[in-house]
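To start, the structure itself, in structure tokens.
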Amino acid sequence: MSWERGPLLSFAGIATFMRAPAVDFDALQPGQVAIVGAPFDTTTAWRQGARYAPRAIREASLHVVYWLDSAYESELVDLESGTTLQRTATGTVVDLGDLNVYPNQVTRSAESFQHGTREIVERGAFPLVLGGDHFVSLPCCRGVAEVVTQRGGMLAFITFGCELGLAGEDPVWGTDWSGSVVRRLVETGAVDARNIAWVGPSGLAPRAEWDWIQHSGATLLTAEDVHRQGGADATRHALTSATTDCDAVYVSLGMDVLDSAHAPGIGPAVIGGLTPTELGHAVAVLAREPRVVALDVVEVAPHLDPSGRTARLASNLIFDFLAPRSADLSPA
Amino acid sequence: MHQRSHQPSFAGVSGFLRSPLADYADVGPGAVTILGAPHDTTCSSRQGARFGPTGIRAASQYLGDLFRRGDGDLVDLATGQVFHRPGAGMLLDMGDLPVQPTDVVRTTASIREGVAESTARGGFPVTLGGDHYISYPAFLGFSDAFCGSNRDQRIGFIQMDSHFDLGDINLVWGRYWHGSNARRISEVDVVNPANMVWIGVNGVTRGEQYEFAKGMGLTFFTGEDVRQLGIVEVVRRALEIAGNGTEAIYLSLDIDVVDALFAPGTGAVVWGGIRPADLLAAMDLIGAANVRAMDLVEVAPNLDPTEATARLASLAVIHLTAPRLFGARRP
């Protein structure tokens, strides 16, 4: 007789995201959500640590899973919305582990991320990438764009974060780094400038980048815009303005869009950033947008936050994003 | 006008041990030159050594402050050793060398150039890392300037470290990273592996590196050797080997040679390391020998909120350079 497993507590067991089955690429099925890590932070200009985020976010996700697994009938009710969450564990969500990473070789790492993401989309699955610093969005979005373009479509890029990613060639970092993601996406032809939208940048930007935005047709919603309009309306605005003619949207969720008071575990120090509630409302809109075909969650640096709440928040936001689209976590 | 008075250790803008910020043109013969190499992209363990130069400079301020009190002499209560305040121009902080975190090749060239320039002007280069990879370009720069075109000269090499760093080509990191620096140094034409000595290695190592160390005729004293023989005897033997037929000795000090109990602010976690008192005794002995350059690597201040690791690192530099810097004499 075999030993029977009960619900695992959040600190027990091997941490895959949401205790999803660990699988390899060849087992991916169309319609699945593939959690995949890109633990790369070499292109971080200041405090590193995002290389530890995939593992930390996986661990942080076990908390809610335990609640679901140990609840009667595996149901939880969201007190704000009244929505019932069910844990059905149908295998819609799978964990691919981490992509190959070469910390002292930016190009080789980028190729790994681009190929990995492309293969997930080619197999009909939804890539949910755990970064990594914000640079990983560049190769991952390019991987998705390749497939979308091949199929005759156009991809929009909606990015959350405190920075614009519009840096040109930099004397220290060169062309491809965390500060140049959007510029490189446009330059490489992966995304048209009109199909770019930022949600949440704040602070100062170089004049040249400001001018670029004014002439590019891209959409900028600053942190202040979000404070005024709310996370949901600002996100709807971004989707409406930037996705004309697009049948697919890549969303990059830089956790540095949040104020450091709420998310201390991020490389930059952000003053005037979003609140978790604002970002939660934004994610709720994205979760119900069928054109979103890929999501990354980047810039969590867990060791800068001994409280662990930044990684927890990241995993909660992923839960919120998955709930409407995954049979594993279906609203009843 | 605001008259500047002496500032306490936590105030003011200054270099290592309150030294002035200098340029290469200021470097004269015999000057100890501090060069930061804040590069940690080639670190395979926990990062943060990019903050090493800044952390070590900050940690040295309290001692710099002590020198200005009284008559400028400091006495080591344990040994009676006297440290004089450095004379003008004897200690210069060159700031940090340019690094390109995503470009190991350019960073290598930059560190090599800076150390060579300082050495060529008669300076004693103290390169503050950074992860241990920077040891390789720092050694190249030193040997470029010290040996010049006279490649018959030999440079002895002492590495104090919990690890060999004798890896060759790694599947993830390639040829240049903080596990291959000593291997690359062993290939430099002015280095005879018979003059290479390790002090403090412990724990496990890859079989490939162990066989290489054995096969090339390198000498190593483990952490256990230090405990059995005593640091004085180990360093005496090491200096004999590194000094045998060589024109100069290069010292590479990885702070993780010290047990993690005492020096937690580093990427590796080591439980067979030596004690701080042994490290400082070794610095006194090596500093009195024909050492002409050093690097100090793998200090990651972000991993040690007590700052003890950076303080120990700054003390190691002070002890090693004491004969040049402070005219330190034993009682």
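The values are calculated or read from the model by the stated rules, or taken from the named source; none is laboratory data. The structure presented is a predicted model; accordingly, all values stated were derived computationally and were not measured. Counting neighbours? That spans all protein chains shown, and the Cβs are built from the backbone with ideal geometry, glycine included.
Quick check on segment A:40-55: of everything there that is assigned to a helix (DSSP H, G or I) and either within 14 Å of chain B (Cβ to nearest Cβ) or free of Cβ contacts under 8 Å to residues at least 40 places away in the same chain (or both), which residue is farthest from A:ILE266 (Cα to Cα)? Explain how you work it out, then say what you get.
Within segment A:40-55, the subset assigned to a helix (DSSP H, G or I) is A:50-55.
Add one more test, that the residue is either within 14 Å of chain B (Cβ to nearest Cβ) or free of Cβ contacts under 8 Å to residues at least 40 places away in the same chain (or both), and what stays is A:50-53, A:55.
Values: A:ALA50: 8, A:ARG51: 12, A:TYR52: 11, A:ALA53: 10, A:ARG55: 15 Å.
In this case the residue turns out to be A:ARG55.
Say we look at segment A:113-134 and pick out the residues that are in contact (Cβ under 8 Å) with a residue 40 or more places away in the chain and part of a helix (DSSP H, G or I); which of these is nearest to the chain's Cα centre (by Cα)? Break it down stepwise before answering.
So in segment A:113-134, the residues in contact (Cβ under 8 Å) with a residue 40 or more places away in the chain come out as A:113, A:116-117, A:119-121, A:123-134.
So of that shortlist, the ones also part of a helix (DSSP H, G or I) come out as A:113, A:116-117, A:119-121, A:134.
Working: A:PHE113: 14, A:GLY116: 15, A:THR117: 13, A:GLU119: 18, A:ILE120: 15, A:VAL121: 16, A:HIS134: 10 Å.
Looking at the filtered set, the residue picked out is A:HIS134.
Here is a list of conditions, (1) part of a loop (DSSP other than H, G, I, E, B); (2) within 14 Å of chain A (Cβ to nearest Cβ), and B:MET1 meets all of them except one; can you say which number that is?
(2)
Which ones in segment A:66-109 are aliphatic (A, V, I, L, M), over 19 Å from A:ALA34 (Cβ atoms) and not in a loop (DSSP other than H, G, I, E, B)? Write out each step before concluding.
If we filter segment A:66-109 for residues that are aliphatic (A, V, I, L, M), which is where we start, we get A:68, A:71, A:76-77, A:79, A:85, A:89, A:93-94, A:96, A:99, A:101, A:106.
Then keep just the ones that are over 19 Å from A:ALA34 (Cβ atoms); that gives A:68, A:71, A:76-77, A:79, A:85, A:106.
Passing the criteria: A:LEU68, A:LEU76, A:VAL77, A:LEU85, A:VAL106.
State all residues of segment A:117-137 that are under 17 Å from A:ARG51 (Cα atoms) and more than 13 Å from every other protein chain (Cβ to nearest Cβ); if no residue qualifies, say none.
Of everything in segment A:117-137, those that are under 17 Å from A:ARG51 (Cα atoms) and more than 13 Å from every other protein chain (Cβ to nearest Cβ) turn out to be A:LEU128, A:VAL129, A:LEU130, A:GLY131, A:GLY132, A:HIS134, A:VAL136, A:SER137.
Tell me whether segment A:133-150 contains one or more residues that are surrounded by fewer than 22 Cβ atoms within 10 Å (Cβ to Cβ) and of a type in the set (S, T, N, Q).
Keep residues of segment A:133-150 that are surrounded by fewer than 22 Cβ atoms within 10 Å (Cβ to Cβ), which gives A:146-147, A:149-150.
Next, from what is left, pick out any that are of a type in the set (S, T, N, Q): A:149-150.
Scanning segment A:133-150, I find at least one residue that is surrounded by fewer than 22 Cβ atoms within 10 Å (Cβ to Cβ) and of a type in the set (S, T, N, Q), so the answer is yes.
Among the residues of segment A:145-188, how many are more than 19 Å from the chain's Cα centre (by Cα) and among the small types (Gly, Ala, Ser)?
5
Which residues, taken from segment B:161-188, are part of a loop (DSSP other than H, G, I, E, B), touching a residue at least 24 places away in the same chain (Cβ under 8 Å) and within 14 Å of another protein chain (Cβ to nearest Cβ)?
First, the residues of segment B:161-188 that are part of a loop (DSSP other than H, G, I, E, B): B:161-169, B:171-173, B:175-180, B:187-188.
In the following step, the residues that additionally are touching a residue at least 24 places away in the same chain (Cβ under 8 Å) were identified as B:161-168, B:172-173, B:176-180, B:188.
Listed by number, the residues that qualify are B:GLY167, B:VAL172, B:TRP173, B:TYR176, B:TRP177, B:HIS178, B:GLY179, B:SER180.
Name the one entry in A:GLU224, A:GLU209, A:GLU169 that is in contact with a Lys or Arg (Cβ under 9 Å, 6 or more places away or on another chain) and more than 22 Å from A:VAL249 (Cβ to Cβ). So that I can check it myself, show each step before the final result.
Details: A:GLU224 fails: in contact with a Lys or Arg (Cβ under 9 Å, 6 or more places away or on another chain); A:GLU169 fails: in contact with a Lys or Arg (Cβ under 9 Å, 6 or more places away or on another chain).
That would be A:GLU209, the only listed residue that is in contact with a Lys or Arg (Cβ under 9 Å, 6 or more places away or on another chain) and more than 22 Å from A:VAL249 (Cβ to Cβ).
So which residues in segment A:186-215 are more than 26 Å from A:SER260 (Cβ to Cβ) and at pLDDT 95 or above, if there are any at all?
A:VAL186, A:GLU187, A:THR188, A:GLY189, A:ALA190, A:VAL191, A:ASP192, A:ALA193, A:ARG194, A:ASN195
To keep it simple, each residue is scored yes or no on (1) buried (at least 16 other Cβ atoms within 10 Å of the Cβ); (2) within 26 Å of A:TRP177 (Cβ to Cβ); (3) within 14 Å of chain B (Cβ to nearest Cβ).
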| site | (1), (2), (3) |
| --- | --- |
| A:ASP24 | no, no, no |
| A:ALA38 | yes, yes, no |
| A:ILE57 | yes, yes, no |
| A:GLN105 | yes, yes, yes |
| A:ALA110 | yes, yes, yes |
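Given the criteria under 21 Å from A:SER326 (Cβ atoms) and in a loop (DSSP other than H, G, I, E, B), does A:GLN29 qualify? I'd like the intermediate steps shown before the answer.
Details: under 21 Å from A:SER326 (Cβ atoms): yes; in a loop (DSSP other than H, G, I, E, B): yes.
Against the criterion (under 21 Å from A:SER326 (Cβ atoms) and in a loop (DSSP other than H, G, I, E, B)), A:GLN29 qualifies.
Every residue, every condition in (1) surrounded by fewer than 19 Cβ atoms within 10 Å (Cβ to Cβ); (2) over 25 Å from B:THR309 (Cβ atoms); (3) not acidic (Asp, Glu), yes or no:
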| residue | (1), (2), (3) |
| --- | --- |
| B:SER118 | no, yes, yes |
| B:GLY122 | yes, yes, yes |
| B:GLY141 | no, yes, yes |
| B:ILE155 | no, yes, yes |
| B:HIS163 | no, no, yes |
| B:ALA182 | no, no, yes |
